[in-house]
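Read through the structure below, which is laid out as structure tokens, and then see the notes.
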Amino acid sequence: MVSTTVNVSFSKDLLRLMDRVARQESRSRSELLRAAVRTYVERKQRWDDIFAFGRQQARRLGLNPTDVESLITEYRRSKPRPA
């Protein structure tokens, strides 16, 4: 794997938090940032896939955004509320 160096600015507070976590996990800043970006990208892809599936299902069922919102509201109202 070929690496490229990038410059990123952080507030001092965020940098302190990042360094603390990196120390706790025995990682370098770079390793921590790579893991964080990888996690973010994977999570974003999962959500993109979920929303794409939702759009596909809505098209298949002939639902528009207002229909979907109404169905969600109806479902939430049917659920018992936590005490």
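The values are calculated or read from the model by the stated rules, or taken from the named source; none is laboratory data. Small disclaimer: the values here were computed from a predicted structure and weren't measured. Glycine also receives a Cβ, built like all others from the backbone with ideal geometry; neighbour counts cover every protein chain displayed.
What pairs can you find where one residue is in segment 35-58 and modelled with pLDDT of 95 or more, the other is of a type outside the set (A, V, I, L, M, F, W, C) and surrounded by 10 or more Cβ atoms within 10 Å (Cβ to Cβ), and their Cβ atoms are less than 8 Å apart, with a gap of 6+ or different chains?
Ala35/Arg27
Taking the condition of being within 30 Å of Leu71 (Cα to Cα) and in contact with a helix residue (DSSP H, G or I) (Cβ under 9 Å, 6 or more places away or on another chain), how many residues in segment 15-55 meet it?
The number of residues fulfilling the criteria is 1.
Taking only segment 21-66 into account, find how many residues are farther than 30 Å from Asn7 by Cα and either among the charged types (D, E, K, R) or outside any helix (DSSP H, G or I) (or both). Let's see the steps before the verdict.
We begin by selecting, within segment 21-66, every residue farther than 30 Å from Asn7 by Cα; these are 49-66.
Now drop any that are not either among the charged types (D, E, K, R) or outside any helix (DSSP H, G or I) (or both), which leaves 49, 55, 59-60, 62-64.
The qualifying residues number 7.
List the residue pairs whose Cβ atoms are under 8 Å apart, where the first residue sits in segment 3-20 and is more than 13 Å from Glu31 (Cα to Cα), the second is surrounded by 10 or more Cβ atoms within 10 Å (Cβ to Cβ) and at pLDDT 95 or above, and the two are 6 or more positions apart or on different chains.
Val8/Leu33; Phe10/Met18
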